[in-house]
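Okay, so here's the structure we're looking at.
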Amino acid sequence: MSGLKKTLTVLSLLIIPMIFTTACNENQTSAETPKKENPADTDYFIGLRYLQNGEEKEARIKFTNSMKNGSKYCAKRSAECLATLGSVQDRNTACELMLELFNDDETKTLAARQFYSAEEYNKVINISEDVDFSQTKNELIKLRLQSFLKRGDKDISKDILQWFIQRQLTSEHMKFLEESYPLPENPDDYNDVQKIISFRVDVFNRDYGAAIKKSDIIIKMMSKAELEPAPLISSDLGKTFLYGTDEYKDSAKQFQKLANLYKKTPAEFYFWFYAGRCFIKAETTKAQAVNCLENAIQCTDDPKLKDNALWYLLNVKIDISFTETIQEIGIYASQWADPQYFDDLFDSLIPEIFISERWDLFPVLIEQIDGKASDDIVARLSYIWARLIQTDKVSVSSKNDKILWYFERALACGSSYYYRMLALYQLQANNKDFESFMCQTGSNNPIEIDEDAETLLLGYIKYGFPEKLYSEWLNFYKKGISTDVSMKTASFLSKCNKKEFYPQSLRIATRAAIISDRSLTKEEMKLVYPQFYKNYIDNYSKKYDISKSILFALIRSESFFDSDIVSHAGAVGLTQLMEITGEDVARKLKKVDYSLTDPETNIEFGTFYLCELIKRCSDSTLQAFLSYNAGITRVRRWLDSSMVNYGYKRDMSDDLFLETVPYSETREYGRKLVSATVYYDFLYSDSQNYKHFFKILRGL
């Protein structure tokens, strides 16, 4: 490489930060406070630039220096780059040096991958000798087992079995079977290990019909102590009988016997648990289901398993006696490890209370779960109860005091913007309180900063490698990335003005807001509610006379601004339109040649369709939102039914109507869009008067 070319490459590293700082960064935050830069860290980024320019030799020099002298993650990434460069011997040498510096599973896996490709099977085995089949990365275990087989060591069936019974099966297990350990075509030729593996593979593939035929063999092997009653094997047996046969009562009785046979082992929980679930499916034996699930809860200390059994137990008890369960739900709530795990239980319970018109159960339920259920659920119940009092659906003493108390309770707890926002509206808070609330996010728990991880992220920003940021941020954000650096990362990606970075920026900002250790600034909130594709939305909001905030809220909720996304149902693009809807809109707009994957077309068609729905829903934006998700015919039927059921002669307020919608997905969709609409208006409108935003809520 000529001296001039080297100079130009280094100069590019000096100029690029200035370009990206100007083009991609917002105003500086405290995260940008300059600190002395380690030259060896800079070498990693220079090495990346050399590599982009095809100058491998110069890149290796920079990576080598960074690996030896850089901060933890710059050094580690440099080592990983070196392990992919040069000759086979060069890569092997780089891996050996990397292993001397780093000793984690990620490093071992990368080195094992290289050694295996170089047919250095002994090295793979040596670096993976301390594998833990329940914890070590699956790829590393797979490479270790494959190396034994390549070396000619056939007697490794015990290791293979441990890997297949101690872990949830993954694609790495399937690759191993395909590449190195194929099962015989004839099941009669299976050895014991292959029988167990085959059973687990059937369950993994959800081929419960095939699994049920092998279940007797598994149970016999367990009874003869040829197979330990491992938790995952026991769970697979449960799934097999739950989904592979309709003889639910017989299956439940068999699991009861197995639970008694394997008392005080990890398998006992699963056998009681699936006995209970099989009794649930048998429908006529719910009391037995309760007994089995209670036994399952008593025989485990694992909080996740206990919550799972408690969830099913409560659902069964609600079916048996709706009112009695509400009266005693606090007893079970005190046992919950993760209150949010039970949110969907209340999501189905609240419409049931509406249907039964047992308004008196709301304050009972609030008293039972306050301080035990998630804050979001307490906020929701408190708001609903206050509104029922306010609209005279119930009569209570000290009416105004109770309304005030429950609205304040809804505002004080929960992270659900929707209910807190509505409570704020009902309380008619002042400007200062409104703005403070709108920027209040996160857990407010302190974040222990990993400075080396932040050095890596800030380096990618400074030296212009946006394509590296999202995956690296995902690696580190739970381990110690400050709110400042997370928001700086989101801002950088947002300002790069490339559509592939829009959803990445939004995901980073949204997750960072949830775990933030502080309230966000208004500018940071704009990263959580960005205005991507603003020129198109400005244009079509004017053309079809609809609020820009509503359109931004729609696109954010539907696609997270990912213009290429296609849902499982076939909905396409930013506004997630079905092809049949697109055809109908195209006909009405007299457009013959169009593509729903084109952002501008998709935004225009989605805008037109939503505006039609608003008109057909008597100008109710909320009802139009619900119709966008579930179809207008359903929404009209739900509204008519709700007004009849709850005694409304003409109008039912939209906020209470939302609580009666029978589909939880549609209810949550409505809440998200209402919240997002208000946020967009708050962040981007000219009005600084909080009453303006309350008008929006009233209009929705």
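Details
- Space enclosed by the convex hull of the alpha-carbon atoms of the range 156-298, per residue, Å³: 105
- Calculated [222 nm] ellipticity per residue, helices only, for the chain: -22000 deg cm²/dmol; basis is -39500 (n - 2.57) per DSSP H run with n ≥ 4, divided by all residues, nearest 500.
- Note that the chain presents 47 Å² accessible area per residue, ligands and nucleic acids not counted, probe 1.4 Å.
- Highest average first, the peptides 662-673, 457-468 ordered by how many other beta carbon atoms sit within 10 Å of their residues are 457-468, 662-673.
- Working note: Debye formula, equal point scatterers on the alpha-carbon atoms of the range 247-341, no solvent; log10 I(q)/I(0) at q = 0.12 Å⁻¹ is -0.35.
- For the range 572-584, 3J(HN,Hα) per residue [Karplus equation, 6.51 cos²θ - 1.76 cosθ + 1.60, θ = phi - 60°, Hz, x = Gly/Pro]: 10, x, 4, 9, 6, 8, 6, 4, 5, 5, x, 5, 5
- With every protein chain in place, the chain: carbon and sulfur % of accessible area (1.4 Å): 48
- Proximity of backbone amide H atoms, modeled 1.01 Å from N, is registered between Leu577 and Val572 at under 5 Å, excluding neighbours fewer than 5 places apart on the same chain.
- Vicinal HN-Hα couplings computed from phi for the range 54-61 (Karplus, 6.51 cos²θ - 1.76 cosθ + 1.60; Hz; Gly/Pro x): x, 9, 5, 4, 5, 4, 5, 5
- Dipole magnitude of the chain about its Cα centre (Cβ charges: Lys, Arg +1; Asp, Glu -1), debye to nearest 20: 1120
- Computed over the range 380-431, Cα set: Rg, Dmax in Å: 10.5, 33
- Separation of alpha-carbon centers, the range 176-222 and the range 110-156, rounded to whole Å: 24
- Taking only alpha carbon atoms, the chain gives an Rg to Rh ratio of 1.00, where Rh is the Kirkwood radius.
- The separation of the range 653-689 from the range 388-455, counted between C-alpha centres, amounts to 15 Å.
- Note, ³J(HN,Hα) from phi for the range 381-387, Karplus 6.51, -1.76, 1.60, rounded to Hz, x at Gly and Pro: 4, 5, 5, 4, 5, 4, 5
- Peptide packing for 675-682, 398-405 was compared via the average number of neighbouring C-beta atoms within 10 Å per residue; ordered from the highest value, the list is 675-682, 398-405.
- Shape summary of the range 412-551, radius of gyration then Dmax from alpha carbon positions: 17.0, 50 Å.
- Fraction in percent of alpha-carbon pairs per bin - 10 Å, the range 69-178: 14, 45, 31, 10, 1
The values are calculated or read from the model by the stated rules, or taken from the named source; none is laboratory data. The structure displayed is predicted, hence computed values, not measured ones. A quick note on method: Cβ atoms are made from the backbone with ideal geometry, for glycine too, and the neighbour counts reach across all protein chains shown. Ligands, DNA and RNA are stripped out before the accessible areas are found, and what is left, the full protein with its side chains, is counted by its heavy atoms. Shrake-Rupley method; radii C 1.70, N 1.55, O 1.52, S 1.80 Å.
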